[in-house]
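Coordinate-derived values only; no laboratory data. On a predicted model such as this, the values are computed, not experimentally measured, just so you know. All Cβ positions, even for glycine, are placed from backbone atoms using ideal geometry, and neighbour counts span all protein chains on display.
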Amino acid sequence: GAGVSQSPRYKVAKRGQDVALRCDPISGHVSLFWYQQALGQGPEFLTYFQNEAQLDKSGLPSDRFFAERPEGSVSTLKIQRTQQEDSAVYLCASSLLGGADNVLTFGAGSRLTVL
Amino acid sequence: AQSVTQLDSQVPVFEEAPVELRCNYSSSVSVYLFWYVQYPNQGLQLLLKYLSGSTLVKGINGFEAEFNKSQTSFHLRKPSVHISDTAEYFCAVSPIGAGNMLTFGGGTRLMVKP
């Protein structure tokens, strides 16, 4: 596609529910990143894929967070047993390759509100 | 580990005035430096980046930034702002070799007034 597409754009969950956030990267982009942006703060790195391989997941805040990219294109970020502190905008970004000379294209984000 | 500090959370400025948005970073290793802009309800967009070479980097929309290694700064400047520049601006770094695994600052809201 022309850009990075994320769905849903808005999600309201009750505490304890599981949620799944989807990211469709730009076609052909090898690298895919997830970031978490809390209200009024800058984005924080969560995890990074190169094709289907998850090369870094050091930013995932707890074992309730899980990300996958099984076929090397679409990625899903899953949050189990959501807590109020999980409320944030979840940003997905992709680039052709992983190096910093490759422009990172961000999606508009999925805003999660946990009640 | 890296950290990025954007000293001003909000910067109000009149249209056609110059503006500087400040960014300082801390890192035990050499880093690449970036500035991103976020318009309401849109994704982050790259303004400019410093990878190597000239320390003065020019980006889109008339913005430029200067890398100062001794002061660990990467301030963003524009000589004359427009109403359309109103947005949130984020400074970010990544360790050389870490690609686009970025550490962002807290952001600066630029508010351009007519």
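Out of every Cα pair in chain A, what percent are spaced more than 23 Å from each other?
Percentage above 23 Å: 22.
Could you compute the FRET efficiency for B:Met111 and A:Ser5, with r as their C-beta to C-beta distance and R0 at 30 Å, rounded to 0.05?
E between B:Met111 and A:Ser5, to the nearest 0.05, is 0.50.
So what are the ³J(HN,Hα) numbers for the range A:92-104, from phi and the Karplus equation (6.51, -1.76, 1.60; θ = phi - 60°), rounded to whole Hz, Gly and Pro as x?
Whole-Hz 3J(HN,Hα) from phi for the range A:92-104: 10, 9, 9, 9, 4, 9, x, x, 5, 7, 9, 5, 8.
Ordered by residue, what ³J(HN,Hα) values in Hz, to whole numbers, does the range A:55-70 give under the Karplus form 6.51 cos²θ - 1.76 cosθ + 1.60, where θ = phi - 60° and Gly and Pro are x?
With the stated coefficients, the range A:55-70 comes to 7, 8, 10, 5, x, 5, x, 7, 6, 7, 9, 9, 10, 8, 8, x Hz.
Which distance in nm do the two modelled labels at B:Glu16 and B:Ser52 give, with both placed 7 Å along the Cα-to-Cβ direction?
My value for the distance between the label points is 4.3 nm.
Can you give me the long-range amide H partners of A:Ala67? Hydrogens built in the peptide plane at 1.01 Å from N, cutoff under 5 Å, separation of 5 or more residues or another chain.
Counting only residues 5 or more places away or on other chains, the set is A:Lys78.
Across the residues of A:37-46, average count of Cβ atoms on other protein chains within 10 Å?
Numbers: counts 5, 0, 0, 5, 5, 15, 10, 3, 8, 0.
Per-residue shielding by partner chains comes out at 5.
For the range A:1-69 and the range B:38-114, write down the distance between their C-alpha centroids in whole Å.
Distance between centres, Cα-based: 23 Å.
Quick one: Cα convex hull volume of the protein assembly as shown, Å³ per residue?
Convex hull of Cα atoms, per residue: 120 Å³.
State the answer as a single residue: which of A:Thr82, A:Leu104, A:Ala53 lies farthest towards the positive end of the charge dipole of the range A:1-110, with beta carbon charges of +1 for Lys and Arg and -1 for Asp and Glu, about the Cα centre.
Towards the positive end, the residue furthest out is A:Thr82.
Output the pairs from B:Lys49/B:Lys78; A:Lys78/B:Lys49; A:Lys11/B:Lys58; A:Lys11/B:Lys78; A:Lys11/A:Lys57 with a Cα-Cα distance over 27 Å in this structure; if there are none, say none.
Long pairs (Cα-Cα over 27 Å): A:Lys78/B:Lys49; A:Lys11/B:Lys58; A:Lys11/B:Lys78.
In 5 Å bins starting at zero, report the fraction of Cα pairs in the range B:12-77 per bin as a rounded %.
Histogramming the range B:12-77 at 5 Å steps yields 4, 15, 26, 24, 18, 9, 4, 1 percent.
Any idea what the dipole of chain A comes to, in debye rounded to 20, about its Cα centre with Lys/Arg Cβ at +1 and Asp/Glu Cβ at -1?
With only Lys, Arg, Asp and Glu charged at Cβ, the dipole is about 500 debye.
Calculate one ³J(HN,Hα) per residue across the range A:41-46 by plugging θ = phi - 60° into the Karplus curve 6.51 cos²θ - 1.76 cosθ + 1.60, and present them in order as whole Hz with x for glycine and proline.
Along the range A:41-46, the couplings run 10, x, x, 10, 4, 10 Hz.
Could you work out the mean count of beta carbons from other protein chains within 10 Å of each residue's beta carbon in B:40-50?
Mean shielding count: 4.
Once you charge only the Cβ atoms, +1 for Lys and Arg and -1 for Asp and Glu, what is the size of the charge dipole of the range B:1-70 about its Cα centre, to the nearest 20 debye?
340
Going from the alpha-carbon gyration tensor of chain B, what semi-axes, largest first and in whole Å, does one get by taking the root of 5 times each eigenvalue? Before the final figure, lay out the partial values.
Details: eigenvalues 110, 40, 31 Å².
Computed over chain B, the values are 23, 14, 13 Å.
Treating only the Cβ atoms of Lys and Arg (+1) and Asp and Glu (-1) as charged, compute the dipole magnitude of the protein assembly as shown about its Cα centre; round to the nearest 20 debye. Don't jump to the answer; show the numbers that get you there.
Details: 19 positive and 19 negative charges, 82 e Å.
With Lys and Arg at +1 and Asp and Glu at -1, about 400 debye.
Choose one of B:Pro12, B:Ala65, B:Ser54: the residue whose Cα lies farthest towards the positive end of the charge dipole of the range B:2-113 (beta-carbon charges +1 Lys, Arg; -1 Asp, Glu; about the Cα centre).
My answer, from the dipole projection, is B:Ser54.
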